[in-house]
Amino acid sequence: MGFTQLWLPPPNKAAENTGRGYDVYDLWDLGEFKQKEVIETRWGSKEELLSACNAAKNSGVDILIDAVLNHKIGADRVERFPAVPVDEQNRLRDIGPEREIEGWTAFDFPGRGEKVRLHFK
């Protein structure tokens with residue numbers, strides 16, 4: 001009896017150096033860019049991740065990555081955007097008019113330099 005799949009935690013750059021990847025800062029930084037004061041993720045470098053995946057593949061073991069695409073934390077700066085206040089007990093019920101607020105939602109990924117640029121609108 002053996003195993004055929006290996007489930008890995010999110011290998012991306014976390015907002016905290018000790019983060020386990022679920023506190024997503026940069027989904028596409030697998031330990032390649034100096035961001036959040038470190039290059040490697042908690043799990044190591046991009047090269048180490050790829051080496052482990054290749055070793056598993058060569059042994060007939062599939063890799064499953066726990067990619068958490070809807071989590072973001074540790075933004076680089078504040079930005080302004082429209083929001084509507086809602087009832088705390090029923091978030092489908094508006095309790096006031098739309099207004100502009102500030103939130104930590106802007107991600108610039110300065111550690112990437114010019115190597116990789118993503119632009120969202």
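Could you work out the helix-only [θ] at 222 nm for the chain, with each DSSP H run of four or more residues adding -39,500 (n - 2.57) and the total divided by the number of residues, to the nearest 500 deg cm²/dmol? Don't skip to the end; give the middle numbers.
Values: 1 runs with 13 residues, N = 121.
One gets -3500 deg cm²/dmol as the mean residue ellipticity at 222 nm.
How much of the accessible area of the chain, in percent, comes from carbon and sulfur atoms when a 1.4 Å probe is used? Intermediate values should be presented prior to the final figure.
On the way: 4800 of 9010 Å².
Looking at the chain in its full context, I get 53 percent from C and S.
Check A106: other-chain or 5+ apart residues with amide H under 5 Å from its amide H, H built from backbone geometry?
Result for A106 returns D76, R77, E79.
Over the chain, average the accessible area per residue using a 1.4 Å probe and give it in Å², no decimals.
74
When the Karplus curve 6.51 cos²θ - 1.76 cosθ + 1.60 is applied with θ = phi - 60°, which whole-Hz ³J(HN,Hα) does each residue of segment 69-77 get, with x for Gly and Pro?
Whole-Hz 3J(HN,Hα) from phi for segment 69-77: 6, 9, 9, 9, 7, x, 3, 7, 6.
Return a single number: how many Lys pairs in the chain, at a sequence separation of 8 or more or on separate chains, have alpha-carbon atoms below 15 angstrom apart. Walk me through the numbers before you get to the answer.
Numbers: K13/K34; K13/K36; K13/K46; K13/K72; K34/K46; K34/K115; K36/K72.
The result is 7.
As a test of the definition: which semi-axes, in Å, follow for the chain when you take the square root of five times each eigenvalue of its alpha carbon gyration tensor? Largest first, please.
35, 20, 11
Would you mind checking the tilt of helix 46-58 against the longest principal axis of the Cα atoms of the chain, expressed as 0 to 90 degrees and rounded to 10?
Helix 46-58 sits roughly 50 degrees off the main axis of the chain.
In segment 25-121, what GluC sites (Glu not before Pro) fall in a loop by DSSP, with at most 16 other Cβ atoms inside 10 Å?
Numbers: sites: E32, E37, E40, E47, E48, E79, E88, E98, E100, E102, E114; in loops: E32, E37, E40, E88, E98, E114.
Sites meeting the loop and neighbour criteria: E37, E88, E98, E114.
The values are calculated or read from the model by the stated rules, or taken from the named source; none is laboratory data. None of these values were measured; they are calculated from a predicted model. Neighbour counts are summed over all protein chains in view; Cβ atoms, including those assigned to glycine, are modelled from backbone coordinates with ideal geometry. For accessibility, only protein heavy atoms count, side chains too; no ligands or nucleic acids. Shrake-Rupley method; radii C 1.70, N 1.55, O 1.52, S 1.80 Å.
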